[in-house]
Amino acid sequence: MPLGEKAGFEKSQSRYCGVETEFNDNVPQLLNFNLFTSAFDFVVASLMNPSYRPSLLEKDGVLPFAASDLVLSPSQWSSHVVGKISSWIDLDSKDETLRTASETTLKQEIAWANHLSIQACILPSPKGASCVNYARCVNQILLGLNNMQLWLRIPLVKTDDDDVMDVNSTSFIDSWELWNAFRLLCEHHNQPSLPSVNSFGRWFGEPVTAAIINMDSFLTNGWGYPCLSKCHQKLITGATLALKLPQTFSPVYFDVIIIISGKPVHSIPRPSSDTANNFDNNSDSLRRHPLRPYLDYVGFLFRSMDPIPEQECFEPLMDNLEAQTYETFERNSKKYIQYQRAISKALLDRVPDEEASAVTVLMVVGAGRGPLAAEETGHKLKVYAVEKNPNAVVTLHSLVKLEGWEDIVTIISCDMRYWDASEKSDILVSELLGSFGDNELSPECLDGAQRFLKQDGISIPSSYTSFIQPVTAAKLYNDVKSHKDLVHFETAYVVKLHNVARLAPSQTVFTFTHPDYSTKKSNQRYKRLQFEIPCDTGSAMVHGFAGHFDAKLYKDVHLGIEPSTATPNMFSWFAMFFPFRTPVCIKSGSPLEVHFWRCCGSSKVWYEWCVTSPNSLAIHNISGRSFWVGL
């Protein structure tokens, strides 16, 4: 069973842990020792004898690979072995002989790994600050690969001398800068001691596949067993940003494969009954494999983690969602609880207890739970449920009959903009909010329905505000890029964000208030914003904006998904993602200047957005040419 797998979890929610090994030309024995007797999921194994150099190979000689392809079945090579490319390779060396030999060896090892049906190979970290030729060679190789992935090893802290890890050293290199240069040179290809929290946070939005933990990172707990510091634990569990920066970041899920590397540095005591209860150890395997205690500790951390959420990306909001999706949203009772609280408070304010026998007219635009509020407050209600969807009207009739609300609820099958109400309401309730607040045309719909409300009537919600924040979201960017057209880059998506780095706190964009009796009102909006990326973040890549909303239902009752004030246990709405056609690389401490428009036409509403600093991007979705919501 995969490490960290829990009862009831899907297989996709399991976590895996491998072990990095020294060169061994007996691969079956290597697998037997590390997998079958010690429970590691896979090995990271050298494919070539480390002493090999192309210049030393005799003419027509056989390349010194670790083993024949016949010693394992293709399925074993694929599922149990991750290849490790020779660490001496330096494709940007000033020594032409070394550079040429490195390029030859890299291509030979990748070709052999591909022949073995290995799923992935780990490339050595670039040796210095420059990696241009290395990236060029890797990009050439990627063009010829179909299924195998290439994982680039990048230390979180890197210096010119990898043995010196002083971040204050003049030779210190920002490893994210190194990765970013490599990634840009490869055209954002899909496959390829801790710093500050902000600096580390950039990696949450990158396509990180595996985390290699060296033995030197482990501490010793009170029982004499290996453990990790709190900071390293949070790196694995993906909770660092949520805990350290609650005003800036919402919880982030950073799901990676763990690889344990190096020789053991602990003298493990004989397991006692107490320690056996804390770790799932086996004394026989402890004697057989010196790294088993480290594996058990990582498994312990894995089992304490929450399930891995899916990252879904829906098409534009004017498309109909499946019934199953609606059913999922409707199971989110928190939204209805907040609406009930708001309606109850409004009823108590609208009609004093001594006048509770008076009938209050409540109009519900869309699905509502008004009668429940009536039961809680003891007030008499006359409810109009206005719904234009004929399929939803059938459901409403069934619900009214089932609950016995025939004397309370009148169902109106009509578009609210064209309905001629026989009387005005005291309270107007609507559930028209989208992930960005106004993106499902709540302002336009409520403008048409406002005529149903008495001059002193109450609207629920009374206001709502949209927010945006810059994010690193390499996976989402690559998903959009894969369509290879302009339309997808100028479309806003509803998406469950978890593999992202939130680079700055959210800022408000547009606010709408209801009822709005101003004579010259317009639902068109424009906002210019400037985000400051924290200085200790370092440089970062911005792939777009994450969009959220917060709604004031009534007085102190609010509902929303903006990270710093999000309603707990709310999954009725996911965030929106506004992508950039070209990602923006922003330097540490530099401002990011953003322009955002909400535009209205005779038949549609759309958003436009652009960046003007640190460099200018073309205005996205001009005139709603790619993405709009029809009126």
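The values are calculated or read from the model by the stated rules, or taken from the named source; none is laboratory data. Please read all numbers here as calculations on a predicted model, not as lab measurements. Note that each Cβ is placed from the backbone with ideal geometry, even for glycine, and that neighbours are counted across all protein chains shown. Surface areas here come from the heavy atoms of the whole protein model, side chains and all, with no ligands, DNA or RNA. Shrake-Rupley method; radii C 1.70, N 1.55, O 1.52, S 1.80 Å.
Of Pro443, Pro505, Pro470, all but one fail to be within 28 Å of Glu387 (Cα to Cα) and either part of a loop (DSSP other than H, G, I, E, B) or at pLDDT 85 or above (or both); the exception is Pro443.
Restricting attention to segment 621-631, report how many residues are open to solvent by 50 Å² or more (accessible area, probe 1.4 Å) and under 24 Å from Val542 (Cβ atoms). The total comes to 2. Please determine whether any residue of segment 1-13 is open to solvent by 60 Å² or more (accessible area, probe 1.4 Å), acidic (Asp, Glu), outside any helix (DSSP H, G or I) and at pLDDT 85 or above. Looking through segment 1-13, none of the residues is open to solvent by 60 Å² or more (accessible area, probe 1.4 Å), acidic (Asp, Glu), outside any helix (DSSP H, G or I) and at pLDDT 85 or above. I'm trying to understand the selection: among the residues of segment 430-440, which are part of a strand (DSSP E or B) and either under 16 Å from Thr511 (Cβ atoms) or open to solvent by 10 Å² or more (accessible area, probe 1.4 Å) (or both)? Across segment 430-440, the qualifying residues are Gly434, Gly437. Within segment 283-310, residues that are under 15 Å from Ile213 (Cα atoms) sit with their Cβ atoms under 6 Å from residues that are assigned to a helix (DSSP H, G or I) and at pLDDT below 50, at 6+ positions apart or across chains, in these pairs: Arg292/Ser285; Arg292/Leu286. Considering Ser518, Ser459, the condition of being over 18 Å from the mean Cα position of the chain (by Cα), hydroxyl-bearing (Ser, Thr, Tyr) and under 22 Å from Thr360 (Cβ atoms) is satisfied by Ser459 alone. Selection of first residues in segment 121-132 that are among the β-branched types (Val, Ile, Thr) and of second residues that are open to solvent by less than 10 Å² (accessible area, probe 1.4 Å), restricted to Cβ pairs under 6 Å at least 6 apart or on distinct chains, gives an empty result.
Within segment 323-349, the set of residues being at pLDDT 85 or above and more than 16 Å from Lys552 (Cα to Cα) comprises Leu347, Leu348, Asp349. The numbered conditions (1) of a type in the set (Asp, Glu); (2) within 20 Å of Ala120 (Cβ to Cβ); (3) more than 33 Å from the chain's Cα centre (by Cα) are all true for Asp25 except (2). Within segment 196-239, if we keep just the residues that are surrounded by 19 or more Cβ atoms within 10 Å (Cβ to Cβ) and assigned to a loop (DSSP other than H, G, I, E, B), the residue that is modelled with the lowest pLDDT turns out to be Gly238.
Restricting attention to segment 47-72, the residues that are among the polar types (S, T, N, Q) and surrounded by 12 or more Cβ atoms within 10 Å (Cβ to Cβ) add up to 1. Elements of the type strands (runs of 3 or more DSSP E) sitting completely within segment 517-620 and holding at least 1 residues that are open to solvent by 20 Å² or more (accessible area, probe 1.4 Å) and out of contact with any strand residue (DSSP E or B) (no Cβ under 7 Å at 6 or more places or on another chain): these cover 575-586, 591-600.
The residue that is surrounded by the fewest Cβ atoms within 10 Å (Cβ to Cβ), among those in segment 473-509 that are among the β-branched types (Val, Ile, Thr) and over 23 Å from Pro591 (Cβ atoms), is Val487. Within segment 502-524, residues that are more than 20 Å from Leu631 (Cα to Cα) have Cβ atoms under 7 Å from residues that are open to solvent by 50 Å² or more (accessible area, probe 1.4 Å) and not β-branched (Val, Ile, Thr) in these pairs: Ala504/Glu532; Pro505/Gln247; Val509/Lys527, counting only partners at least 6 apart in sequence or on another chain. For segment 441-472, the set of residues classified as in contact with a His (Cβ under 8 Å, 6 or more places away or on another chain) and open to solvent by 10 Å² or more (accessible area, probe 1.4 Å) consists of Gln450, Ser462, Ser463, Phe467, listed by residue number.
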